[in-house]
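Worksheet for the structure shown next.
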Amino acid sequence: MIPPIARRFVAGESAAAALEHARECNDRDLKVILNLLGEHYTDPVDADDAAREYATLLEDLAGTGLDACVSVKPSQIGLDVSEARFRDNLGTIIDRADEHDRFVWIDMEDHTTTDATLDAFEEFVTARGGGMGVCLQANLKRTREDVERLADVPGKIRLVKGAYDEPATVAYKSKERVDEVYGQLLDYAFEHYDDGIAVGSHDPVMIDRARELHDEHGTPFEIQMLMGVREDAQAELAREYDVWQYAPYGTQWFSYFSRRAMESRKNALFALRAVLGR
């Protein structure tokens, strides 16, 4: 049911479609992070349903041989209900991931969720001894302290610039300042982290910087990019590095596609050409 214009950014409405997309990506040497669309559930039934769907997805991945993992949003699995609900559902997902030896990422949402997200991550990843990662956003003024805090914790961090419109009291607002801080965070992480760093960026400047830092420090790293964005670059980089494509799927594709199409001029022009049939 997804129109062709949106299929660039969404791997389908069903888990089966998402797994087929992962298989096609693997054939092109791209690894895949699967994310079920949906967020900010205030009904505990919705949050529990999402957690069960992730658990089922991890079961479906077992035995496929696919190079794929999952990434979950805290508000999707209960954080807007209660912190306890979020932790219970995250534990369910992690237990299933443990059974099938699969990695679990925790996405980061707006700044009001940061403490609850990092506290849960630190607790679960320490108990698990790794096998998890969490996203940190360079635009938040607090993130340098968070990166330092997690340096000795098992697991990975995904560094992104940040997509939420945060208040100036907690976030850097200029692109130049965010770019500067992102580079500084890369410098610190490559020097102090042992378990790996995910460079969540489409910015060639930051990717080149990460490559140089890897050559200097030997720190393992991977590159993560969104499905539908710079896919030629993804394929090219995958010839030399681990590249993971973040591929969302599910019935709530329209709102996700709308955000992707409007968040950059290049994506908006692509969408316009598709609408006009050119």
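The values are calculated or read from the model by the stated rules, or taken from the named source; none is laboratory data. Quick caveat: nothing in here was measured; it's all calculated off a predicted structure. As a convention, Cβ positions derive from the backbone with ideal geometry for all residues, glycine included, and neighbour counts pool all protein chains shown. For accessibility, only protein heavy atoms count, side chains too; no ligands or nucleic acids. Shrake-Rupley method; radii C 1.70, N 1.55, O 1.52, S 1.80 Å.
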Of the accessible area of the range 55-99, computed with a 1.4 Å probe and all protein chains kept, carbon and sulfur make up a percent value of 35
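I'd like the FRET efficiency for residue 40 and residue 142, computed as 1/(1 + (r/R0)^6) with the beta carbon distance as r and R0 of 25 Å, rounded to 0.05.
Efficiency for this residue pair is about 0.70.
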In the range 152-210, carbon and sulfur make up what percent of the accessible area (probe 1.4 Å)?
50
The answer for the chain, accessible area per residue at 1.4 Å probe in Å², is 45
Multiply the residue gap between residue 149 and residue 211 by 0.36 nm, knock off their C-alpha separation, and tell me the result in nm, one decimal place.
19.9 nm
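Compute the Cα gyration tensor for the range 1-105, then decide on rounded, prolate or oblate, letting a ≥ b ≥ c be the square roots of its eigenvalues: rounded whenever a/c is under 1.5, prolate when a/b is larger than b/c in the other cases, and oblate in all that remain. Please list the in-between numbers first.
On the way: a/c = 2.47, a/b = 1.38, b/c = 1.79.
Oblate.
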Residue by residue through the range 214-223, which ³J(HN,Hα) values in whole Hz follow from phi under the Karplus form 6.51 cos²θ - 1.76 cosθ + 1.60 (θ = phi - 60°), with glycine and proline marked x?
4, 4, 6, 9, x, 5, x, 8, 9, 10
D for the chain, whole µm²/s, Stokes-Einstein with Kirkwood Rh over alpha-carbon pairs at 10 °C and 1.306 mPa s: what number?
83
What full-extension length gain, to one decimal in nm, is calculated for residue 112 and residue 175 as 0.36 nm per residue of separation minus the Cα-Cα distance?
20.5 nm
On the principal axes of its Cα set, how long, how wide and how thick is the range 46-177? Give whole Å, largest value first.
46, 30, 25
